[in-house]
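Input: a single structure, listed below in structure tokens.
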Amino acid sequence: MQLSAIIGALIFFTILLVISIGFSVRMNKINHNKTDLIRDAKVEDIEFIFKNILEGSRNGYFHPDLYNVENAKMGLQENIRTIIEENYRLDSNRPDSWAFIYEKNGLPISVLILSRSLTQGFEIWIMATEKEYQNKGYAKELLNFILNNFKNQKTVIEAHCYIKSEIMMKMLKDKGFEQVENNSQNKNLFRINNM
């Protein structure tokens, strides 16, 4: 009798173990399929942000010096770090700067850097998306996030876009931004009064 009770108990615990392992595997699959989220950038995101800004600069979406001039590259990396750690933008001596990340399945895929504007309100300083995720709506989600957070705040949000940033300019126009200026550096200024 004792042997059959031991065998029965072993079979019972084996079944529990199999069920438990199956549940654990399902939980791991659920945890690996993380949902998309928008979050504050972290120090670990510096390389991602830096790489995507350099790629954008190389393609003419940002100032060409960021890609071509070694000191500008080093300054950019330090600027990104201070924005993330201190909410301070070195290149324009501006407090109140923030970097936001669109994360998909635990990986950063898009960034938006926002800072207080020199004139009024706020400025979208940088928007960049990892190449394989471009034109899939992730940057638009970041822009929606910013606009929704300023809804009913009676503030102005601006964005300067280089001429080659056609997709960005279209996205801004679609969201209600108006082109208010074209300056000598081949950039357009867009502005929205986010009421």
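The values are calculated or read from the model by the stated rules, or taken from the named source; none is laboratory data. On a predicted model such as this, the values are computed, not experimentally measured, just so you know. Cβ: placed from backbone, ideal geometry, glycine included. Neighbour counts: every protein chain shown.
Please indicate, with yes or no, whether at least one residue in the range 168-185 is within 24 Å of residue 45 (Cα to Cα) and either assigned by TED's automatic domain parsing to the domain that holds residue 92 or of a type outside the set (A, V, I, L, M, F, W, C) (or both). Within the range 168-185 (the criterion being within 24 Å of residue 45 (Cα to Cα) and either assigned by TED's automatic domain parsing to the domain that holds residue 92 or of a type outside the set (A, V, I, L, M, F, W, C) (or both)), the answer is yes, since at least one residue qualifies. Filter the range 57-92 for residues that are more than 20 Å from residue 131 (Cβ to Cβ), aliphatic (A, V, I, L, M) and not in a loop (DSSP other than H, G, I, E, B) and give the result. 72, 74, 83, 84, 90 - these are the residues of the range 57-92 that are more than 20 Å from residue 131 (Cβ to Cβ), aliphatic (A, V, I, L, M) and not in a loop (DSSP other than H, G, I, E, B). Counting the residues of the range 141-195 that are of a type in the set (A, V, I, L, M) and in a helix (DSSP H, G or I) gives 9.
Yes or no, residue by residue, for (1) in contact with a strand residue (DSSP E or B) (Cβ under 7 Å, 6 or more places away or on another chain); (2) under 22 Å from residue 189 (Cα atoms):
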| position | (1), (2) |
| --- | --- |
| 74 | no, no |
| 77 | no, no |
| 90 | no, yes |
| 97 | yes, yes |
| 105 | no, no |
| 119 | no, yes |
| 123 | yes, yes |
| 127 | yes, yes |
| 140 | no, yes |
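Do we have any residue at all in the range 112-131 that's assigned to a helix (DSSP H, G or I), assigned by TED's automatic domain parsing to the domain that holds residue 59 and either surrounded by fewer than 17 Cβ atoms within 10 Å (Cβ to Cβ) or at pLDDT 90 or above (or both)? The answer is yes, given that some residue of the range 112-131 is assigned to a helix (DSSP H, G or I), assigned by TED's automatic domain parsing to the domain that holds residue 59 and either surrounded by fewer than 17 Cβ atoms within 10 Å (Cβ to Cβ) or at pLDDT 90 or above (or both).
Within the range 51-87, if we keep just the residues that are among the charged types (D, E, K, R) and farther than 21 Å from residue 98 by Cα, the residue that is farthest from the chain's Cα centre (by Cα) turns out to be 70.
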